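This report concerns only the one structure given below.
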Amino acid sequence: MKRKKTSREIKPVSMAYACLIYLFLYLPIFVVIAFSFNSSKMNIVFQEFTVEWYFRMFDNRQLMQSFVNTILVAGVSTVLSVIIGTLCALGLYRFEFKLKNMVSSSLYIPIVIPELVFAIALLAFFSALNIPMSMFTLIVSHVTFSMPFVVITVRARLAGFDRSIEEAARDLGANAFRTFWRVTLPMIAPGVISGGMLALTMSLDDVVVSFFTAGPESTTLPLKILGMVRKGVSPDVNALSTLMIVGTIAILLTSNFIQERLERKM
């Protein structure tokens, strides 16, 4: 006998509660987007609709340079975090060695400890090695705190991985690299993409670690906005933030589309 599917009715109280939660989460974002079209420089009262700030933001060289630094650091650190984190997750999954539990537990340290303590530790480390603060130290720092997120997501994906598929590929004549590229990587790709998205998000909005490890010529957009808060944030910052929000949504939709296609193929 077929079981009838029972549909639960959504109560008005639950709907109102959910709406309030979403309003609390996304109202500040809507305010930023709305004031990017405000003609007033004060950003206190909405006066007239205009799109001039989307053109005038390119005249602000310091703002655009900090934006370029942010994209560069986020892109490079995300790629390195994905590569190192994926290899680390595969190594912890496949091999048994001494102190494996300690190595696995140590990956959670950058996630568990306060970000301020982690940033000061990185600053002390670079200072002890006499390494000047620059784009290099900033990228290394972002990789350090982003990589554990990739390891965790990839290991979660590997938890249900069937190694007999790899053995079948090897029996059919594929070498180790071809087996990884054609079999293993497509199977764990959703976890790799999710870890990469987490690493990208962590890098884009980081302030504390960047504040301690960035050099004079490697100021990121969050640090630039933090410095502008005292004097007042100009509307061109809202315009640039709006474009970044749209770009982030586009990346999320693209990653979800890719993950769905990979899930259907498996």
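For the options Pro148, Pro186, Pro28, a Gaussian network treatment of the chain with springs between C-alpha atoms closer than 10 Å singles out Pro28 as fluctuating the most.
In the chain, with Lys and Arg counted as +1 and Asp and Glu as -1 at Cβ, which of these residues, Phe161, Leu129, Ala74, has the Cα nearest the positive end of the dipole, that is, farthest along it? My answer, from the dipole projection, is Phe161. Compared with the dominant principal axis of the Cα atoms in the chain, helix 235-265 is inclined by about 20°. A 1.4 Å probe run over the protein chains yields, for the range 32-88, 60 Å² of accessible area per residue, whole-number rounding. Compared with the dominant principal axis of the Cα atoms in the chain, helix 135-158 is inclined by about 50°.
When the Cα convex hull of the range 137-266 is projected onto planes of every orientation, the mean area is 10.2 nm².
Both numbers refer to the Cα atoms of the range 1-159; Rg and Dmax are 23.7, 74 Å.
Considering only Ser14, Ser106, Ser146, the Gaussian network model of the chain with Cα springs below 10 Å gives its largest mean-square fluctuation to Ser14. Taking the empirical scaling 2.2 N^0.38 Å for compact globular proteins as reference, the range 117-202 has a Cα radius of gyration ratio of 1.51.
Any idea what angle helix 185-204 forms with the longest principal axis of the chain, computed on alpha-carbon atoms, 0 to 90 degrees, nearest 10? Around 30 degrees separate the two axes. Over the chain, the hull volume per residue, using the convex hull of the C-alpha atoms, is 227 Å³. Backbone amide hydrogens, once placed in the peptide plane, bring Ser39 within less than 5 Å of Gln47, Glu48, Thr50, excluding anything fewer than 5 places away on its chain.
Tell me the label-point distance for the pair Thr50, Ala156, using the 7 Å Cα-to-Cβ offset, in nm and rounded to one decimal. Result: 4.6 nm between the two label points.
So what is the 222 nm mean residue ellipticity for the chain from helices alone, if each DSSP H run of at least 4 adds -39500 (n - 2.57) and you divide by all residues, rounding to the nearest 500 deg cm²/dmol?
-23000 deg cm²/dmol
Per-atom-type breakdown for the chain gives carbon and sulfur 68% of the accessible area (1.4 Å probe, protein chains only). Within the range 189-234, the trypsin sites (Lys or Arg not before Pro) that combine a DSSP coil assignment with at most 13 other C-beta atoms in a 10 angstrom radius are Arg230, Lys231.
The values are calculated or read from the model by the stated rules, or taken from the named source; none is laboratory data. What you are looking at is a predicted structure, and each value in this text was computed from that prediction instead of being measured. Backbone-built Cβ (ideal geometry, glycine too); neighbour counts: all protein chains shown. Protein only, heavy atoms only, side chains kept; ligands, DNA and RNA dropped before computing areas. Shrake-Rupley method; radii C 1.70, N 1.55, O 1.52, S 1.80 Å.
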